[in-house]
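**Q** First, the structure itself, so that you have it in front of you.
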Amino acid sequence: MSAVKGKIEASITLSRSTCYFMRTGRCSLDIVTDYYVATSTRTSANDLLYCPRLFRAMRNRERMKPISVTPCECGHAEVVSGHQRACIASRENLELVIQPAGPEVKAECPICGGQLTFEENGGGSRIVALRVRVEDDGT
C-alpha cells in the first residue's frame, strides 16, 4: 500500500441543522475547551458538543477514518460525506484520509465557478483547505 500526501481545496456544505456555527454564529470549537459527557449520550450535528466530541475522536480512535470526495477536473474536490470532519480538519490543521466517492470526475467545479459564499450563516457551501492523505491499496 502506498500513500500520497498533499493539500487540496474542497467545498463543504453545512446548514443550520448540521452546524452549530450556522445556527448561532459562533463555532463550538471556539467555545468549548474541556468537557465530559458519557459516551452513550447522543448529540445532533448542530449541538454545542458535537464538533468538540468529533474533534476529540479525530485525534484519537477515528484519526484515519476517510471522508468521501468527488474530484474536479481542475484539482479541487467536493466533499460528499464528512463535511463536519473536513471543517474541523481545516480549522485545526489535521491531516485527513480521503477516498473518491465514485469513479466520476466533475467537469464543473463549484470553487472555480465562483459560486460559493458563506454569508449571514444561512447555510450552503464553503471552501476549506485540507491537508490530505490518499492511500492506494494497489488494486
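The values are calculated or read from the model by the stated rules, or taken from the named source; none is laboratory data. Please read all numbers here as calculations on a predicted model, not as lab measurements. All Cβ positions, glycine included, derive from the backbone under ideal geometry; neighbour counts span all protein chains shown.
**Q** Residues in segment 81-107 that are in a loop (DSSP other than H, G, I, E, B), touching a residue at least 12 places away in the same chain (Cβ under 8 Å) and more than 15 Å from Glu62 (Cα to Cα): how many? It would help to see each step written out before you state the result.
**A** The first filter runs over segment 81-107 and keeps only residues in a loop (DSSP other than H, G, I, E, B), leaving 82, 93-94, 101-105, 107.
Among the residues that remain, those that are also touching a residue at least 12 places away in the same chain (Cβ under 8 Å) are: 82, 93-94, 101-102, 104-105, 107.
So of that shortlist, the ones also more than 15 Å from Glu62 (Cα to Cα) come out as 93, 101-102, 104-105, 107.
Selection size over segment 81-107: 6.
**Q** Then there is this: Taking Val37 as the residue in question, decide whether it is of a type in the set (A, V, I, L, M, F, W, C), modelled with pLDDT under 90 and within 18 Å of Leu130 (Cβ to Cβ). Break it down stepwise before answering.
**A** Details: of a type in the set (A, V, I, L, M, F, W, C): yes; modelled with pLDDT under 90: yes; within 18 Å of Leu130 (Cβ to Cβ): no.
It is false that Val37 is of a type in the set (A, V, I, L, M, F, W, C), modelled with pLDDT under 90 and within 18 Å of Leu130 (Cβ to Cβ).
**Q** Could you tell me which of the residues Ala101, Ala57 is of a type in the set (A, V, I, L, M) and farther than 23 Å from Ser125 by Cβ? Outline the logic, then answer.
**A** On the way: Ala101 fails: farther than 23 Å from Ser125 by Cβ.
After ruling out the rest, the residue left standing is Ala57.
**Q** Taking the stated definitions as given, is Thr41 outside any strand (DSSP E or B), without any contact (Cβ under 8 Å) to a residue 40 or more places away in the chain and either surrounded by fewer than 19 Cβ atoms within 10 Å (Cβ to Cβ) or more than 16 Å from the chain's Cα centre (by Cα) (or both)?
**A** Numbers: outside any strand (DSSP E or B): yes; without any contact (Cβ under 8 Å) to a residue 40 or more places away in the chain: yes; either surrounded by fewer than 19 Cβ atoms within 10 Å (Cβ to Cβ) or more than 16 Å from the chain's Cα centre (by Cα) (or both): yes.
So Thr41 passes the test.
**Q** Also, quick follow-up: Only one residue in Cys72, Cys51, Cys19 is more than 19 Å from Arg131 (Cα to Cα), of a type outside the set (Gly, Ala, Ser) and surrounded by 18 or more Cβ atoms within 10 Å (Cβ to Cβ). Which one?
**A** Cys19
**Q** If you don't mind, there's one more thing I want to ask. Does Thr13 qualify as being in contact (Cβ under 8 Å) with a residue 60 or more places away in the chain, of a type in the set (S, T, N, Q) and in a strand (DSSP E or B)? Step through it out loud before you land on a result.
**A** On the way: in contact (Cβ under 8 Å) with a residue 60 or more places away in the chain: yes; of a type in the set (S, T, N, Q): yes; in a strand (DSSP E or B): yes.
It is true that Thr13 is in contact (Cβ under 8 Å) with a residue 60 or more places away in the chain, of a type in the set (S, T, N, Q) and in a strand (DSSP E or B).
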